[in-house]
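Enquirer: One structure is given below, represented as structure tokens, and several questions about it will come after.
Quick note: the coordinates plus some simple rules give every number you see, no bench work behind them. Keep in mind the model is a prediction, meaning the values are calculated, not measured. Counting neighbours? That spans all protein chains shown, and the Cβs are built from the backbone with ideal geometry, glycine included.
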Amino acid sequence: MNQLVIMNNQQAVTTSLSVAENFNKQHGHVLRDIEAFKKDVSNFGEMFEEGDTPDSYGRPRKTYFMNRDGFTLLAMGFTGKEALQFKIKYIEAFNAMEAELTKPKSQAELIAMMAQVNVEQERRINEAEKRVGLIEEKQKNISNILLLNPAEWRSKVTTILNRIGQTRGGFEEFRNVRNESYEVLEQRGRCKLEVRVNNRKKEMALNGVPKSKISKVSKIDVIAEDTRLTEIYLAIVKEMAIKYQVNAIEIA
């Protein structure tokens, strides 16, 4: 059996993995129960801290660290004689660990604690730097998308919308994504694309354009004929690319 209560960030805590093991529950169900508290427990972050622990292969595995209050809240719904015994053992373990924390420290222990604090601070700094790096990369990606050459916009738009369709599951999503872009354009541009398409076809027919060519007129064609709509539409597609995190390298 794993240690019931451990030290984490100078606080006595237990883990979702420990609770799952000792109360004979699936870890995924314990995670689900913990995350169900988020919307109703205002101080959720004070009781539960999301992190990870290595599995048997060394891969990071999502884990929640919880203090005494978090454990009490979670275990409140565990019933049965065996569950009661484990609750008592956890309470005793919390008491013992917290008592240990309040004992006077020797100089060697204080030095060790300071070293642990420094290691933890370095870990947090490294994590913050990684997050900043990811944010900077995302901003760079957004900038590249926003700087797409308008002269090539039709091919770029097709590529971007196809990428978004793949992200959303493919098949019908390819059509849904394009229709969504048109709907937003009609709202912002205060226009009816279908009306414009029909008017364009009528005009072409009056000018003697072959029916085979008339039948190929599409909404993207009438957008391309109007500079204002083109600018609005390109902005909409760029916004969608950013929202669905399309990689600018893939559309270069």
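Enquirer: Please compute the length gained on full extension between residue 35 and residue 180, using 0.36 nm multiplied by the number of residues separating them and subtracting their Cα-Cα distance.
Expert: Using 0.36 nm per residue and subtracting the Cα-Cα distance, I get 48.9 nm.
Enquirer: Determine the distance separating the Cα centre of region 2-62 from the Cα centre of region 66-82; give it in Å without decimals.
Expert: So the separation of the two Cα centres works out to 12 Å.
Enquirer: From the cross-link list 38/238; 62/87; 39/243; 192/238, which pairs have alpha carbons spaced over 26 Å apart?
Expert: 38/238
Enquirer: Quick check: from the Cα gyration tensor, does region 1-80 come out rounded (a/c under 1.5), prolate or oblate?
Expert: Rounded.
Enquirer: Excluding residue 63 itself, calculate the net charge of residues whose Cβ lies under 13 Å from the Cβ of residue 63, where each Lys or Arg counts +1 and each Asp or Glu counts -1.
Expert: -3
Enquirer: While we're here: Would you mind getting me the FRET efficiency between residue 202 and residue 167? Use the beta-carbon distance for r and R0 = 45 Å, nearest 0.05.
Expert: Here the calculated transfer efficiency is 0.75.
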